[in-house]
Amino acid sequence: MQHAPMTERHVAAIGSLLIALGPVSLALYTPAMPQLVTDFATTYPAVKATLAAYFAGFALAQLICGPLSDAYGRRPAALAFLALYTVGSVGAMLAPSVEALTIARLVQGIGAAVGISVARAIVRDNFTGEQSARVMNTIGIFLAIGPAMAPTLGSLAMLAFDWRAIFVLMVAYGSVLFIAVYRFLPETNRTPDPARASPAGLVRAYVALAGDGRFLSPALMLGLVLGGFYSLSSMLPFLLIDIAGLSPQAFGFGMLAQTGAYILGGIVTKALLRHVPARNLVLPGLALAMTGALAMAVSVGLFSPSYLTVMVPVALFAFALAMVTPDLTTRAMAAFPEKAGAAAALLGFAQMGSGFIDSGAVALIGSPPLAFATVIPVVSFAALLLGFAERERA
């Protein structure tokens with residue numbers, strides 16, 4: 001199928017379905033983990049290894065599927081990796097042991113990696129500037145909704161059947177998305193070049209991106225704040241369940257405040273983008289993120305952790321992320337139409353790598369309250385400094 005113009009709504013719809021694949025597949029799975037320990041007569045570390053396998057496949061495969069979409073087209077790359085994801089989902093559904101489940105989850109992660117890189121590349125293929133920022137904003141709103149609903153959907157599926165029903169949902173998602181891409185996604189890569197998939201082509205693309213300030217500056221700012229956001233998952237359960245005393249159910253429900261704040265930030269940003277250039281929202285957004293991060297430190301210093309003292313600063317931080325993401329994502333890819341897939345892949349990998357580093361820092365610090373008061377303020381301050389430095393260079 002040849003390339004064809006796509007409307008903002010068309011790109012946002014396909015992009016939202018693609019980019020949500022990885023996070024939804026992660027969120028759907030989490031309610032099943034305790035039951036897997038029992039059903040497979042195994043240990044929590046063994047079940048956690050299935051999660052690590054998924055993350056490893058998801059993170060590393062991004063670096064491959066992005067350039068493959070530059071080399072052979074967005075549609076072939078998306079279809080191939082979605083087929084792989086669906087095969088992995090079937091394998092997980094039928095897994096007879098935790099070892100087989102670990103392998104299946106690795107395959108799932110590799111397949112799901114195509115979502116982020118191809119979705120962002122499709123946006124870049126069709127739009128730049130303010131149009132791109134608007135589409136990225138819309139995709140971000142739906143990206144927040146999917147993972148927020150997935151744990152509840154997964155829990156209901158388990159209640160009606162058992163943990164295998166969760167993977168039935170993933171098989172259905174992968175199959176429907178495969179059909180949607182085949183039917184509704186025209187080829188948007190106007191200059192495919194198989195040389196970009198060679199080892200030398202991969203190295204050239206990533207070296208060029210990493211050394212170009214047009215990519216590096218927005219990618220670093222976005223990686224810093226999103227890495228801090230991802231690290232919250234390694235702090236909040238301990239702060240709110242172990243220290244504040246919330247039940248696991250109350251914790252799950254209470255996390256909707258984080259998602260709701262991001263969605264609200266996306267809606268407000270969407271309204272602002274009608275009147276204000278997306279780039280003008282970055283510094284105010286980073287300053288607001290810094291305010292939320294400082295509030296985290298102050299709350300830990302003055303109060304014993306409670307739901308409100310923890311989640312109000314987190315909600316402020318999440319709201320701010322929705323303001324900065326559209327422009328930073330758009331600018332990181334704007335200058336690289338010929339390697340949009342590689343740029344999207346490296347951008348996603350940088351964000352996950354930052355989250356991994358921040359989560360490692362949380363583990364090294366040991367104390368969840370101390371980590372809450374230090375890790376996110378540090379990365380937010382670094383991002384804000386980069387934002388001021390970029391403004392001075394402009």
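Some observations on this one:
- The ranking of L239, L246, L264, L302 from fewest to most other beta carbons within 10 Å of each one's beta carbon is L302, L264, L246, L239.
- Segment 243-298 and segment 310-351 have their alpha-carbon centroids 14 Å apart.
- √(5λ) per eigenvalue of the Cα gyration tensor, segment 131-243, largest first, Å: 34, 25, 15
- Its Cα gyration tensor gives segment 250-394 an equivalent ellipsoid. The semi-axes, each the square root of 5 times an eigenvalue, are 27, 18, 15 Å from largest down.
- Mean Cα-pair separation over length for segment 1-197, i.e. relative contact order, pairs under 8 Å, 6 or more apart, %: 40 percent
- For the chain, average projected area of the Cα convex hull in nm²: 18.4 nm²
- Distance between the pseudo-spin-label points of L51 and Q131 (7 Å out from Cα toward the beta carbon): 4.2 nm.
- Ordering L288, L272 by the number of other Cβ atoms within 10 Å of each residue's own Cβ, fewest first, gives L272, L288.
- Given the chain, longest segment not containing exposed loop chymotrypsin sites (Phe, Trp or Tyr not before Pro) (DSSP; at most 12 other Cβ within 10 Å): 1-160
- Zone residues, segment 13-57, relative to M149, backbone N less than 12 Å from point 7 Å out along Cα-to-Cβ: 17
- Over all orientations, segment 1-197 has a Cα convex hull whose mean projected area works out to 10.6 square nanometres.
- Rough spin-label spacing in nm, given labels placed 7 Å along Cα→Cβ, for D212 and S198: 2.0 nm
- Computed from the Cβ-Cβ distance with R0 of 35 Å, the FRET efficiency linking I365 to Q35 stands at 0.65.
- Among H10, H275, sorting on how many other beta-carbon atoms sit within 10 Å of each Cβ, with the fewest leading, yields H275, H10.
Values quoted throughout were computed directly from the atomic coordinates according to the rules given, and no laboratory measurement underlies them. Keep in mind the model is a prediction, meaning the values are calculated, not measured. Heads up, the Cβs are rebuilt from the backbone with ideal geometry, glycines too, and the neighbour counts pull from every protein chain shown.
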